[in-house]
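The values are calculated or read from the model by the stated rules, or taken from the named source; none is laboratory data. All values reported here derive from a predicted model rather than from experimental measurement. Heads up, the Cβs are rebuilt from the backbone with ideal geometry, glycines too, and the neighbour counts pull from every protein chain shown. Quick note on the areas: whole protein, heavy atoms, side chains included, nothing else; ligands and nucleic acids left out. Shrake-Rupley method; radii C 1.70, N 1.55, O 1.52, S 1.80 Å.
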Amino acid sequence: MPAQEKLRVAIIGAGIGGLVLAAAMEYLDTDKSLDITIYEASSTVAEIGAGINFWPRGWEIMKNVGLEQTLLNLLPIPPNDKTSVVFQIRKADESQGTHVKDLKMRGGSIRFHRAQLQQALLGRVSGQVHISHRLLSYEERAEDVFLRFQNGKTATCDVLIGMDGIKSTVRKAFLASQGLSKSPSWNPVWSGTVAYRGLVAAEALEAELPGHRAVKTPMMYFGKLKHVITYPVSCDRYVNVVAFHTDLAKEGITYEGPTSVNCTQEEVLKTFAGWEEEVRALLRCIKQPTKWMIQALVPMDRYARGRVILAGDAAHAMTPHQGAGAGQAVEDAYILASLFSQRIKNKASVQSIADIFNTTRCPAGNKVLEGSRQSGMLQELVAPGLENVKEGDTVAHEKLLEVADALAALWGWVWLESAEGDRKRALAMLNRPMFQAHL
């Protein structure tokens with residue numbers, strides 16, 4: 001490609017995934033051959049929600065794309081390779097809860113306040129970020145991709161990457177362009193799970209129940225068809241709390257209505273009536289809880305085609321039960337940035353990169369999507385041998401350990417494996433003669 005002609009990359013969405021993608025592309029593009037623009041639908045770049053989780057696998061990527069020092073400022077202590085407790089598991093749906101197991105991982109977990117993380121990433125992006133640009137449609141043309149926005153503006157690019165979330169406009173247009181407007185992946189489906197979310201000041205929780213373990217220890221409270229996840233964020237000044245309740249009969253249906261609303265503290269406390277006091281104390285400290293309908297995508301057969309690529313939640317939105325949604329967006333970003341940072345001679349190479357991304361990331365993203373669902377079931381005691389167990393019933397400790405061990409086995413990939421294998425495989429494919437002809 002001539003020195004003066006850069007490959008124009010349009011990223012739709014300035015969430016965590018879109019910002020990591022832009023920052024990673026800028027860092028790895030040593031030849032400065034990419035012209036990167038982010039288009040964000042909202043009038044401000046601001047995340048909703050409190051806590052966000054990364055595992056050693058994702059942190060390794062952050063280091064490899066030059067983001068480590070930026071993100072260390074948001075953490076109470078630097079991550080290390082020591083084995084640590086990532087969750088203390090308790091059965092808590094009865095008045096006297098019981099300890100089940102400490103879930104440990106080498107490298108532990110890395111947890112951020114979502115809005116703080118987003119602002120830190122935004123500070124690392126030097127390319128253009130256009131707010132109030134909600135994409136309406138795109139059109140692949142012979143020489144470019146034509147973009148239309150709700151504000152009446154238009155733009156063109158050489159490659160379009162949809163990082164625009166679970167309700168992705170890019171995904172719908174991507175499917176429609178293939179005659180797949182009836183695809184089950186067109187809209188997300190409800191998991192049957194409601195999540196109550198809140199951020200609790202550690203000081204307030206300590207006053208409510210002195211010595212509460214959740215102030216310093218990440219907790220996973222098991223219960224039948226319900227569970228509660230907590231972990232410290234913002235350098236341990238706050239505790240992120242998410243309380244889940246599932247109706248299995250509603251899994252897979254389309255949810256009509258807003259997927260996040262404010263709710264009362266009374267509703268939350270009523271839902272978890274009869275649970276042990278330390279859970280109730282946590283919930284009493286959430287003064288203004290929000291209620292979320294947890295949705296996910298039906299797995300897609302492909303994430304990329306032509307000069308259009310879906311990534312992050314636009315491609316594989318999943319339930320949060322492995323804390324892997326953001327991490328998977330980061331893995332998408334790493335693979336894409338690694339591929340596009342190679343010396344590209346012409347725009348035909350975009351098709352090759354799309355094919356390679358689809359081959360490497362589609363199976364991986366869909367596998368984690370399903371694994372997250374399975375993890376959620378285990379955390380709510382939906383497992384063989386527990387079919388007749390009701391909320392508050394006593395369960396043999398040996399059976400609870402069996403469930404916890406199965407959960408740990410499902411989660412092992414986040415610290416036992418690295419994304420480097422997929423990256424190397426993607427780059428090796430790019431070096432094959434059939435692709436080299438386009439580079």
Leu180 to Asp236: extension gain in nm, 0.36 nm per residue of separation minus the Cα-Cα distance?
15.5 nm
What is the mean projected area of the alpha carbon convex hull for the stretch 1-107, to one decimal in square nanometres?
10.6 nm²
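On a 26 Å Cα-Cα criterion, which of the cross-link pairs Lys172/Lys226; Lys226/Lys250; Lys224/Lys291; Lys82/Lys216; Lys153/Lys367; Lys172/Lys367 come out too long?
Beyond 26 Å between Cα atoms: Lys172/Lys226; Lys153/Lys367.
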Computed log₁₀ I(q)/I(0) - Debye formula, equal Cα scatterers, no solvent, the chain, q 0.07, 0.11, 0.13 Å⁻¹
-0.35, -0.85, -1.16
Gaussian network model of the chain, springs between alpha carbon atoms under 10 Å - residue of Leu369, Leu407, Leu310 with greatest fluctuation:
Leu407
What length, rounded to one decimal in nm, is gained on full extension from Val298 through to Thr83, with 0.36 nm per residue of separation minus their alpha-carbon distance?
73.9 nm
To the nearest 0.05, how large is the calculated FRET efficiency for Lys390 and Lys104 if R₀ is 22 Å and r is the Cβ-Cβ distance?
0.15
Calc'd 3J(HN,Hα), the stretch 131-141, phi into Karplus 6.51 cos²θ - 1.76 cosθ + 1.60 (θ = phi - 60°), Hz, glycine/Pro = x, comes to 8, 6, 10, 7, 5, 9, 6, 9, 9, 6, 10
Within the stretch 126-233, which GluC sites (Glu not before Pro) sit in a loop by DSSP and count at most 15 neighbouring Cβ atoms inside 10 Å?
Glu143
Value of Rg to Rh for the stretch 255-309 (Rh from inverse mean 1/r over Cα pairs, i.e. Kirkwood):
1.27
Run the simple label-point estimate for Ala207 and Lys32 please: 7 Å along Cα→C-beta, distance reported in nm.
5.4 nm
The stretch 189-296 - Kirkwood radius from inverse mean 1/r over Cα pairs (Å):
14.2 Å
Using a 1.4 angstrom probe on the protein heavy atoms only, could you order Met62, Met377 from most to least accessible area?
Met377, Met62
Can you list the lysines whose alpha carbon is less than 24 Å from that of Lys32, not counting same-chain residues fewer than 8 positions off?
Lys6, Lys63, Lys345, Lys347, Lys424
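Stretch Leu72-Leu427 to full length: gain in nm at 0.36 nm per residue minus the Cα-Cα span?
Taking Leu72 through Leu427 to full extension adds about 124.9 nm, to one decimal.
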Expressed in angstrom and rounded, the centroid-to-centroid distance over alpha carbons for the stretch 166-244 and the stretch 58-93 is 18 Å
